[in-house]
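The values are calculated or read from the model by the stated rules, or taken from the named source; none is laboratory data. Not measured: the values here are computed from a predicted model. Every residue, glycine among them, receives a Cβ derived from its backbone with ideal geometry; neighbour counts consider all protein chains shown.
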Amino acid sequence: MEHEAQESTLPVPPGPGTDAATVYPWREALLRAIGELLDTEIPAGLPKLAHEDFTSLHRAAEDMAGMLADTAAHSRHDVRNQLSALRGYGEMLAEQLPASGAETLDAPLQRLLLATRSAEDPASLDVESGGGITIVGEPGFILAVDDRLENRELVARYLSRCGHSVVTAASGEEALVILGQADVDVVLLDLLMPGMDGHEVLQRIKEHPDWHATPVIVISGHQDMQGIIRCIEAGADDYLFKPFNPVLLQARIKAGIERKRWHDREEQYRQQLERNEQFIRATFGRYLSDEIVTDILERPEGLDLGGKLREVTILMSDIRGFTTLCEQLEPTEVVRVLNRYLGAMTDIILSYQGTIDEFIGDAILAVFGAPQHREDDADRAVQCALAMQAAHEELNRQNAQEGFPALHTGIALNTGQVIAGNIGSERRSKYGFVGHAMNVTARIEDVTRGDDVVIADATLQKLRGHYRIDDSREIRAPGMDGPLHIHRVLGDLP
Amino acid sequence: MKSPCILLVEDNELGRDMLSRRLDRAGFDVVTAADGEQALQIMRERQPALVLMDMSLPVMDGWTACRSARADPRMRQIPIIALTAHAMANNRQSALAAGCDDFATKPVDFPQLLAKIRTYIPT
C-alpha cells in the first residue's frame, strides 16, 4: 500500500534559507505571546481544573520557547506537535476561565491562542511555495478587516506566506474586539462593510488612547479618491485600491510595521526619560526649588556637579537663645517648634530659588548662585532674608497660641567665591560648598542680633536694587586678615 | 451510566496528555497507547467504543495497525478515526483505504473532532 511521503521527522538542518525566521515565520509573534503569558502571574484562588490547565500551559509554553530558541535541534514534526499541545491546553484553560473570574489571564491567553492558531495555519507553514517578488521586512501582526470571506482568506494567505501573523475580522465590531485583545502592528481595513463601516472603525481607532498610533491601511473597492482623502484626513496612514497588487500590499505593510516599531521604541524612550526625570526630582527636590530642578532637566548637557569655583551669596541664619529655649521645653516640644520654623524657612528659601546646603540644629545654611548662576543672586538672597524675618510674626503668633516662647533669628549674608560640588566620601556625599567665604559668613552671623539681617560689603557691592541700610561698621574676627565691613539691611526702599 | 471508552493512540507525550484530558472532561473514559502494537493489544482486551489513531507512530505505524484491526474479527467493528498532519495531501483516501472509518487533521480542531466522535458514540 502506498501512501504519501511522511513529513520529515529529522531536525531542520542549518544552511541557507533555514534560519529560524525563514523556517518559522510566526516564531517572533508566538514568542512575544508566550513571553507575555509567562509574565502573567497565576491568579490566586484559581479553581482546580483551571489551575491544572494553567500549569500545563505554562510548561508547554516554556518548552515551545525552548524549541524555538534552538530550531536546528527539533524537527518540524516536533514543533508542530508542541504547537498543537500548546493550543489545546490554552483552549482548555479558556473554557475554564469564565467560571474562575481570573480576568488578568484572559487577554494574554487570547493573544497566545491567536498566535498559535496563526502559526498552525497551513498557509503560514508552507513558506517554500512563496515565489515571485518578496519584500523582506520585519514580520508583524496584521489585522485584516473585510466582510467578504474570500478577501480575508486571500489576504491572510498571502501575508502569512510573507512571514506575517495574520488575524482576520469579518466586521468592524469584531475588529475592535481583536484590537482590544492583541497587540496589532498594522490594520488592513476594507472601507465598505455592512454595519460599522471602515470610516467608523478608523475613527474609533484614531480616537482610542491605546490604538491611535497603530497604522491603518484602508482599502477601497472602486477608485473612490474622495473617500480615500477623507480617510487620510481622519488619520489613515496609507491606502490601496482593489484589486491590489500583492507586492504593493507587502511594501505598504512593511512601511506600516516600521512606523509602528518606530513609535513603540519612541514610546519606550519617552517612558525611560520620564522615569529619569522623576528620579532626579526625587533626589534634588528636597534641596532645590522646582524651578531649578526643571532647569537642570531641560539643559541638554545636564549639570556638572563636579567641583567648580563659583561666586555665590551665602545665607546663614540662627535662632538667638536657642540653647535656653531647649532647656525650657520638653524634647518633643523643641522638635515641634523647630520643625515648624524650618518648614516655613525652607519654603521661603526655595521660593527665592535658593539652594539649601544644610540644617545644623536650628541653623540654616543656604546658597544663591549654585548650581546655577543668575544675575540677581545677591538681590534674591537679601529679599529672601527680609521675607524670612517678616515670616516670624505669623510663626510667633502660632508659638504664643501654643504657649511657646517667641523666636528671634539673626541672618547673615556674604558674597564670594566658593567651591561647589558633590562633596563627601564614596559612601556619603552631597552637593555642598567649601571656601573662605563660608567661614566669613559664619563670623558675620556671630555678631548678628535677633530680627536683624546683616550683609557683608561684598554683598552690598553686588546688589542691583536699592535697600535701606544702617549701622554700617567694621568688625575684626579671629582668622580674618583684615577688618570686615558690614551693614544692616532694614528693607527695600519704597 | 458508564462512560464510553475511547482509546487514544498518540506517540507524542504532551499531545497525548492534552488530548486525553480534554476527552476526559468531555465525559469519556480514556485509555492511551503510544504505538500501533500497544493499540492493537488494548483494542483486543478492552474493546473500546472508538479509537483515535495518530497515523505516524513508532514500532507499528497507524496504517499497519488499522489494517491489522480490520483483519481481526474481534476488532473489526471498532470505529477508528485517523489523525494525520494536514500538510499531507490525499490522507483522507489513504486513511479510508487502510480501513479507518473517518479522518481528522492535526492540529486537532477539538469541537469538530468531538462532533465526529458523537456520530459513532451517540450520547
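Selection over region A:347-387 of residues that are part of a helix (DSSP H, G or I) and touching a residue at least 12 places away in the same chain (Cβ under 8 Å) gives a count of 15. Do you know which of the residues in region A:62-81 that are within 13 Å of chain B (Cβ to nearest Cβ) and modelled with pLDDT of 85 or more is farthest from A:G35 (Cα to Cα)? That would be A:M67.
The residues in region A:82-131 that are in contact with a strand residue (DSSP E or B) (Cβ under 8 Å, 6 or more places away or on another chain), within 12 Å of chain B (Cβ to nearest Cβ) and at pLDDT 80 or above can be counted, and the count is 1.
Mind telling me which of the residues B:R67, B:R44 ends up being of a type in the set (K, R) and more than 10 Å from chain A (Cβ to nearest Cβ)? Unique residue meeting the criteria: B:R44. Only a single criterion out of (1) surrounded by 18 or more Cβ atoms within 10 Å (Cβ to Cβ); (2) touching a Leu at 6+ places or on another chain (Cβ under 7 Å) is not satisfied by A:G221, namely (1). Within this structure, B:L7 passes the test of being at pLDDT 90 or above and more than 14 Å from chain A (Cβ to nearest Cβ). Would you confirm whether or not region A:151-163 contains a residue that is assigned to a strand (DSSP E or B), of a type in the set (D, E, K, R), over 27 Å from the mean Cα position of the chain (by Cα) and crowded, with 21+ Cβ neighbours inside 10 Å? For region A:151-163, residues assigned to a strand (DSSP E or B), of a type in the set (D, E, K, R), over 27 Å from the mean Cα position of the chain (by Cα) and crowded, with 21+ Cβ neighbours inside 10 Å: absent.
For region B:10-41, which residues satisfy the criterion of being of a type in the set (D, E, K, R) and at the interface with another protein chain (Cβ under 10 Å from one of its Cβ atoms)? Answer for region B:10-41, where residues must be of a type in the set (D, E, K, R) and at the interface with another protein chain (Cβ under 10 Å from one of its Cβ atoms): B:E10, B:D11, B:E13, B:R16, B:D17, B:R21, B:R22, B:R25. Residues in region A:308-325 that are modelled with pLDDT under 90, surrounded by fewer than 17 Cβ atoms within 10 Å (Cβ to Cβ) and either touching a helix residue (DSSP H, G or I) at 6+ places or on another chain (Cβ under 6 Å) or not basic (K, R) (or both): A:L309, A:G321, A:T323, A:T324.
I want to confirm something. Restricting to region A:436-494 and keeping residues that are farther than 22 Å from A:H408 by Cα and of a type in the set (D, E), which single residue is surrounded by the most Cβ atoms within 10 Å (Cβ to Cβ)? The selected residue is A:D457.
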